[in-house]
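Please see the structure below; I have some questions.
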Amino acid sequence: MNKIKVGIIGATGYAGVELIRILLGHPNVELAAISSVSFEGKTISEVYPNLTEICEMVLGNEDEVIEKSDLIFASLPHGLCEALALKADQKGKKFIDLGADFRLAKEEDYEEWYGLHYNEKELHGKSCYCIPELHRDRVKEGISIIGNPGCYPTSIALGLAPLLKSGMVDLNSIIIDSKSGVTGAGRGLTQTSHYPECNEAFSPYKVAAHRHTPEIEQTASELSGQDVKVTFVPHLLPLNRGIISTIYVTLNTQVQDNAVYYLYQKFYEKEKFVRVLKPGQTANLKNVKYSNYCDISLHLDKRTNRVIIVSAIDNMVKGAAGQAIQNMNLLYHLPEDTGLNLVPPAF
C-alpha cells in the first residue's frame, strides 16, 4: 500500500514530539506536515535538539497540516479539536484527537467537567472512543474520527476490564490510586510542575475532582453493564514519564488462589501490549518505559476478600502517542503493532 501521509497539529507538545519519535520508525507512514502555534517557522530540531539530522521539518500552521495529510493527529488542549476535525472531515481526511473533545459519549459530562458544549454535534456520530484492546470493534466503516483515551483512564480500564466483565466485583468498592510523571501535565509550565515544587516532593492533586473521572466511569459502566462510580485520586511523581495505578476492588464472591490471575491471562491472551505478570511479581514503571506495553500485576488479599490490581504504562506512549498510532493502524487495517515494536530499556 502507499504510505499514509500523516500530519501532527501541536507537534511541539510532549505527546506531539513523541508521535514524531515513533512515527519516524513506522514503515507505512510518511510524515507530511507538522505545526505549532508557538514555534511556527522554526524546525522541529530547533525546539527538540535530539531530532537534529533526524527530522528537520519546518513547523507550519494547522491548515497546511490538514491540506497535506491523509490523517491528522491533534495534540491540543480540550476545546480546540472539534473545529479542526470539521475541517479535516470536509476534506475527507481522518482525524485522531489526543485531547478530550471526542472522549465522552454524553455532552452533559463534557459540560460538567470541561465547561464547554459540543459545537459540532454531527461529528460525534462519525467518531468513536477507542482503547484498542477493549473497543477495536468500534473502528468500522464510517468512522473517521477517533477520540484517543486519556492516560489515567487507559491504565485503569485495562487494569479493571477482566474483573468488571466477570461480574465478581462489588461495584461500590472501587478505589483508584494513580501516580503520574510530570509530562502528564504538558509542556506549559505550571506552579505544580515547576522543578522546585515537584522535585523531592510527592502529593495528590485534584482529589476527587480530576477531569478523567467521567471517562474512567464511562468505560467501567460499559464493561460492567451497570452505572459505576469510583473514587479516583491522582498523584504527581517527581519523574518524567510513566503512570502506575493501584486499584482496590472488593469481590462479591470467594475465589481460589490465582483464580484472578487465570481470569486476566485468558482475557488478554491475544493482546500483545498487555502483559499479565505471574503471581508474585509486581508491575513497575521502569519495565514499560518508552514502550506501548501495559503491565498488570494481581494481588489477592484473602483477609479482606479484596483484589489489588497494579497497572503500569508509559503515559507518553500507551497513554498517548503509542495508543494513537495503534488506533491509526486500526483505521487503516494494519496490524496493530506496526511501528510499535518498542522494547523497554532495562534501566
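Have a look at 116, 237, 98 and tell me which one the Gaussian network model of the chain (Cα, springs below 10 Å) gives the largest fluctuation.
116
What are the ³J(HN,Hα) values, in whole Hz, obtained from phi via the Karplus relation 6.51 cos²θ - 1.76 cosθ + 1.60 with θ = phi - 60°, for each residue of segment 333-338 in sequence order, with x given for Gly and Pro?
Taking θ as phi minus 60°, the curve returns 6, 9, x, 4, 8, 4 Hz for segment 333-338.
Using a Förster radius of 22 Å, what is the FRET efficiency between residue 281 and residue 303 based on their Cβ-Cβ separation? Nearest 0.05, please. Working shown, then result.
Values: r = 21 Å, r/R0 = 0.96.
Efficiency at R0 = 22 Å is approximately 0.55.
Report, in debye and to the nearest 20, how large the dipole of segment 152-315 comes out about its Cα centre when Lys and Arg carry +1 and Asp and Glu carry -1 on their Cβ. Before the final figure, lay out each step's value.
Numbers: 17 positive and 14 negative charges, 67 e Å.
About 320 debye.
Right, next: Which residue, 292, 50, 284, has the most motion in a Gaussian network model of the chain that connects Cα atoms within less than 10 Å?
50
Around residue 285, with a cut-off of 13 angstrom between Cβ atoms, what is the net charge of the other residues, counting Lys and Arg +1 and Asp and Glu -1?
Values: positive: 179, 241, 286, 289, 318; negative: 295, 314.
Here the charged neighbours net out to +3.
Stretch residue 193-residue 338 to full length: gain in nm at 0.36 nm per residue minus the Cα-Cα span?
Details: separation 145, 0.36 × 145 = 52.20 nm, distance 3.36 nm.
So the extension gain works out to 48.8 nm.
Between their Cα atoms, which of 5/140; 68/94; 206/302; 206/289; 286/318; 229/266 are more than 22 Å away from each other? Write out the running numbers ahead of the final one.
Working: 5/140 20 Å; 68/94 12 Å; 206/302 32 Å; 206/289 25 Å; 286/318 14 Å; 229/266 26 Å.
In this structure, 206/302; 206/289; 229/266 exceed 22 Å between Cα atoms.
Related question: Under a Cβ-only charge scheme (Lys and Arg +1, Asp and Glu -1), can you give me the dipole magnitude of the chain about the Cα centre, in debye to the nearest 20? Walk me through the numbers on the way to the answer.
Working: 34 positive and 41 negative charges, 201 e Å.
My answer is approximately 960 debye.
For every other residue with a beta carbon closer than 14 angstrom to the beta carbon of residue 90, add +1 if it is Lys or Arg and -1 if Asp or Glu, then tell me the sum. Before the final figure, lay out each step's value.
On the way: positive: 87, 91, 93, 94, 126; negative: 62, 63, 67, 82, 89, 120, 122.
Neighbourhood net charge equals -2.
Okay, helix-only estimate at 222 nm for the chain: each DSSP H run of n ≥ 4 adds -39500 (n - 2.57), divide by all residues, round to 500 deg cm²/dmol; what do you get?
-7500 deg cm²/dmol
Now for a separate question. May I ask you to derive the relative contact order of the chain, considering only C-alpha pairs under 8 Å and at least 6 residues apart, and to give it as an integer percent? Walk me through the intermediate numbers first.
Working: 742 pairs, mean separation 57.3, N = 347.
This gives 17 percent for the chain.
Could you tell me the calculated FRET efficiency between residue 42 and residue 67, based on Cβ-Cβ distance and R0 = 30 angstrom, to the nearest 0.05?
Numbers: r = 20 Å, r/R0 = 0.67.
Working from the Cβ atoms, E equals 0.90.
Modelled label-to-label distance, residue 140 and residue 108, 7 Å Cα→beta-carbon offset: nm?
So the label points at residue 140 and residue 108 sit 2.7 nm apart.
With axes computed from alpha carbons, what is the tilt in degrees of helix 322-331 against the longest principal axis of the chain, rounded to the nearest 10 within 0 to 90?
Taking Cα atoms only, the helix is inclined about 70 degrees.
While we're looking at this one, here's another question. Can you tell me which of 225, 181, 159 moves the most in a GNM of the chain? Springs connect C-alpha atoms under 10 Å apart.
So, out of 225, 181, 159, the one fluctuating most is 225.
Put +1 on the Cβ of each Lys and Arg and -1 on the Cβ of each Asp and Glu in segment 152-315; which of 253, 194, 296 then has its Cα farthest toward the positive end of the dipole?
Of 253, 194, 296, it is 296.
If you don't mind, there's one more thing I want to ask. Give the aspartates and glutamates whose C-alpha is closer than 18 Å to that of residue 106, dropping any in the same chain fewer than 8 places away, or say none.
In chain and number order, the partners are 82, 97, 120, 122, 215, 217, 222, 227.
Can you give the extra length, in nm with one decimal, that the chain gains between residue 3 and residue 185 once fully stretched, where that is 0.36 nm per residue apart less the Cα-Cα distance? The partial results should precede the final answer.
Details: separation 182, 0.36 × 182 = 65.52 nm, distance 3.29 nm.
Additional length available on full extension: 62.2 nm.
Got a sec to turn the phi values of segment 133-145 into Karplus ³J(HN,Hα) couplings, 6.51 cos²θ - 1.76 cosθ + 1.60 with θ = phi - 60°, whole Hz, x for Gly and Pro?
With coefficients 6.51, -1.76 and 1.60, one gets 5, 10, 10, 4, 5, 6, 7, 10, 3, x, 8, 10, 10 Hz.
If you don't mind, there's one more thing I want to ask. With θ set to phi - 60°, apply the Karplus curve 6.51 cos²θ - 1.76 cosθ + 1.60 along segment 9-25 and write out the HN-Hα couplings as whole Hz, x wherever there is a Gly or Pro.
9, x, 6, 9, x, 4, 5, x, 6, 5, 4, 4, 3, 7, 5, 4, x
For each of 230, 317, 47, 6, count neighbouring Cβ atoms within 10 Å of the residue's Cβ, then give the residues from fewest to most.
On the way: 230 21, 317 31, 47 16, 6 27.
Ordered by Cβ neighbours within 10 Å, fewest first: 47, 230, 6, 317.
OK, next. Mind giving me the nanometre distance, one decimal, between the label points for residue 208 and residue 173, set 7 Å out from Cα along Cα→Cβ?
2.1
We did not get these values from a lab; they are worked out from the coordinates using the rules stated. Computed from a predicted structure; not experimentally measured. Ideal geometry is used to build each Cβ from the backbone, glycine not excepted, and the neighbour counts take in all protein chains shown.
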